[in-house]
Structures are given as C-alpha cells and as structure tokens.
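Asks: Got a structure for you, questions after.
The values are calculated or read from the model by the stated rules, or taken from the named source; none is laboratory data. Source: prediction; values computed, not measured. A quick note on method: Cβ atoms are made from the backbone with ideal geometry, for glycine too, and the neighbour counts reach across all protein chains shown.
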C-alpha cells in the first residue's frame, strides 16, 4: 500500500472519525460532528506516540479572509441547510466548526466542561441554550472568545502579507502558464518571489512546475 501524504492522512482520519461516531450511534449536532472529525484529522502518529490538535492552515486562512457565520446560525445548521450546497459557505462552516470544537476541547476556559456538554448534547438538548448554560456565558461572549482563539492561532502562524513589488512585477514576465488567466500568473509570481506555499483548489495551479502548493479541499 502506498504511503499517504500528510494531507491524505488527514482526510482518512476525518472520514474514520465520522465512521466511528456513526457506528456508536451517537447523536450530535452537525457542527460538532464535523468539528470533531476536523480535530481528529490533526492526529499525528510518530515513533514516540500519538498527538492530536493543532492548526489546520487552510481552515485558519478561510476564517482570516471570509465573513464568519453567526454562531447561533452555525449551531442551528442541519444537513439540509443551504450552507451545505454553497462551496464558499461550506468552507466557512467546516472552518468555524473545527475552530469552535477545538476551542471547546483544548482551551483552558472551556475544556473542563466539554465532557458535560457532550453528555448533555447526547440527550437531545437544544444547542443554543445548552452551550450557554453549560459554560455560564451568553452566546455572544462565547462567540467573542472564539474570535480571540482564532486570532491567537493566527499570531502563532506568523502569517505575512505579500505586497505587490517590483520583484513580483518582474517575475510576471517569466511566468508563463497554460491557462490564460492574469490573476493566476500574479499568484504564481508572488508565491515564487516570496517563497510561499500557495493554498488553492485550482487543478491548473496544482500542476505548475516548481510551485509549492497546498490543496484546499474539503
């Protein structure tokens, strides 16, 4: 069997988590089911043991660049929600579900009560009231904590802006792509000049020689 890349392993871990939860007949809201699967996708197995948790750069980038789903709407999302069929909205849903679940599991202000929340949600209790009651905070305060949690993750990532510079403009002269898209040429030239990894779901960009690419796929 061929060795899986880290991205492929994360996808397998995500789907395995869904399979396991389903096999146990666990009842949980959609945000938590997807959030748990996303957190599980961070699992790392090494010679000295197993670790779980940490950043998912594609999800963090999504939350950095796109408007968030209001927390009340996130918690009320179901499998037949319009969010699920809109690619951009679905990306935000996955990213926000992951960040919220990770905060509840690992944050010092929330982790001690996550077990209680898990048990209460299994009883079929409503999400909005249950979460506010479990943590003794209004949903608005919990949402503010979530934004702070993601902001802290951004600082740890040390994300940087890549401004348009003379070097990028000069590199454009030598950036020849099969697809005739000036925006793609700009992205490729910028990534090359600043030695960046390009996060994309575009098949054309994934196959550009000499370009570091991270596939952005659910």
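Asks: Filter segment 94-112 down to the residues that are at pLDDT below 90 and in a helix (DSSP H, G or I), then identify the one that is farthest from residue 147 (Cα to Cα).
Replies: Checked segment 94-112; the qualifying residue farthest from residue 147 (Cα to Cα) is 112.
Asks: If you go through segment 80-101, how many residues are buried (at least 20 other Cβ atoms within 10 Å of the Cβ) and under 15 Å from residue 58 (Cα atoms)?
Replies: 9
Quick grid of which residues meet (1) touching a helix residue (DSSP H, G or I) at 6+ places or on another chain (Cβ under 6 Å); (2) modelled with pLDDT under 80; (3) under 21 Å from residue 148 (Cα atoms):
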| position | (1), (2), (3) |
| --- | --- |
| 15 | no, no, no |
| 19 | no, no, no |
| 24 | no, yes, no |
| 29 | yes, no, no |
| 50 | no, yes, no |
| 63 | yes, no, yes |
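Asks: Residues 121, 116: which one is assigned to a helix (DSSP H, G or I), surrounded by 17 or more Cβ atoms within 10 Å (Cβ to Cβ), modelled with pLDDT of 80 or more and assigned by TED's automatic domain parsing to the domain that holds residue 77?
Replies: None of the others qualify; the one that does is 121.
Asks: Which members of segment 173-183 meet the condition of being surrounded by 15 or more Cβ atoms within 10 Å (Cβ to Cβ) and at pLDDT below 80?
Replies: none
Asks: Let me ask something else about it. With respect to residue 38, determine if the residue is modelled with pLDDT of 95 or more and either touching a helix residue (DSSP H, G or I) at 6+ places or on another chain (Cβ under 9 Å) or outside any loop (DSSP other than H, G, I, E, B) (or both).
Replies: Here the answer is no, as residue 38 does not meet what is asked.
Asks: Which of the following residues is outside any helix (DSSP H, G or I), touching a residue at least 60 places away in the same chain (Cβ under 8 Å) and on the phi < 0 side of the Ramachandran plot: 91, 80, 55?
Replies: Criteria check complete, one pass: 55.
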